[in-house]
Amino acid sequence: MKDMHTISGAVSKDRIHDSATKHVTGQAEYTDDIAEPKGTLHAYLGVASVAHGRIRAMDLSAVRAAQGVVDVLTAEDIPGVNDISPTGRHDEPVFPTKLVEYHGQPLFAVVAESRDAARRAAELAEIDYVELPHAIDAPAAQAAGMPMVTDPLTLQRGDVATGQAAAAHRVQARMVVGGQDHMYLEGHIAFAIPGEDDDVIVHCSTQHPSEAQHMVAHVLGVPSNAVTVNVRRMGGGFGGKESQMNIFCAVAAIAAKRLNRP
């Protein structure tokens, strides 16, 4: 007779993860393992080579003429809003039109018959920048009088200024932390399949499916319920898969709906 009061996975009781066997035997399926439908295209991002600058000119004619290239996407090809900032601050375009704000920022996307063709074509872009001053750490940015990335957040109780002024002792120090993240088993990837009317299905690597759904709908200019997001495995949820995947989902979806091909 089964003891109905025994809790599965209670303290000190072993519990096997649903995907443990698949992971250690290599049977776990990720987005890149999905069988590609006939006609599937591949996209690759063309990125900025400066940390901060204004785009004076961008010549993509050689990219468009490269072997295997089907289309090249820029900000002008976004049917909805050119923004994937999850905060609603409208400070993160899919593709910038004037200002580069970090090294490696996506400027355009090449859609080709193969990933290799798209990657090779992206290197042919000729971009003319007016380079601007930049800081690569917080102290340098502070010394240069640059603005905060986000508004300051203060937690306090009582009258802090009065308390500090009357304190017998005050300890002051500086700590520098070299922040690092471990890498994911599954890198950033998205696979979009166009449907009827406004519909699109997006398979992606993310820990935030609803954010991906809203961002894709935002850039496509369609209702959120027209976008279906599938996430087969959620692992690695430490923040690196929260908003950084928006660009990949958006580009895949734009290309899929624009060309009516997966």
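Counting other Cβ atoms within 10 Å, which GluC sites (Glu not before Pro) in the range 175-262 have at most 16 and lie in a DSSP loop? Mind dumping the intermediate values first?
Details: sites: E186, E196, E211, E242; in loops: E186, E196, E242.
Passing both the DSSP loop test and the Cβ count: E196, E242.
Write out the GluC sites (Glu not before Pro) in the range 106-178 meeting two conditions: DSSP loop, and at most 13 other Cβ atoms within 10 Å of their Cβ.
Passing both the DSSP loop test and the Cβ count: E123.
Please give me, ordered by residue number, the trypsin sites (Lys or Arg not before Pro) of the range 81-163 that lie in loop per DSSP and have at most 15 other Cβ atoms within 10 Å.
R89, K98, R157
Run down the lysines and flag those whose C-alpha is under 18 Å from the C-alpha of K257, throwing out any fewer than 8 positions away in its chain.
K38
Quote the convex hull volume per residue of the range 101-156, based on C-alpha atoms, as a whole number of Å³.
Taking only Cα atoms, the range 101-156 has a hull volume of 147 Å³ per residue.
Sort the chain into rounded, prolate or oblate with this rule: let a ≥ b ≥ c be the square roots of the eigenvalues of the Cα gyration tensor; rounded if a/c is under 1.5, and if a/c is not under 1.5, prolate when a/b is larger than b/c, oblate otherwise.
oblate
Can you order the peptides 214-221, 168-175, 25-32 by their average number of other Cβ atoms within 10 Å per residue, highest first?
214-221, 25-32, 168-175
Any read-out appearing in this document is the output of simple, stated calculations on the displayed coordinates, not a laboratory observation. Owing to the predicted nature of the structure, the values given are computational and were not obtained by experimental measurement. Neighbour counts run over all protein chains shown; Cβ positions are idealised from the backbone, glycine included.
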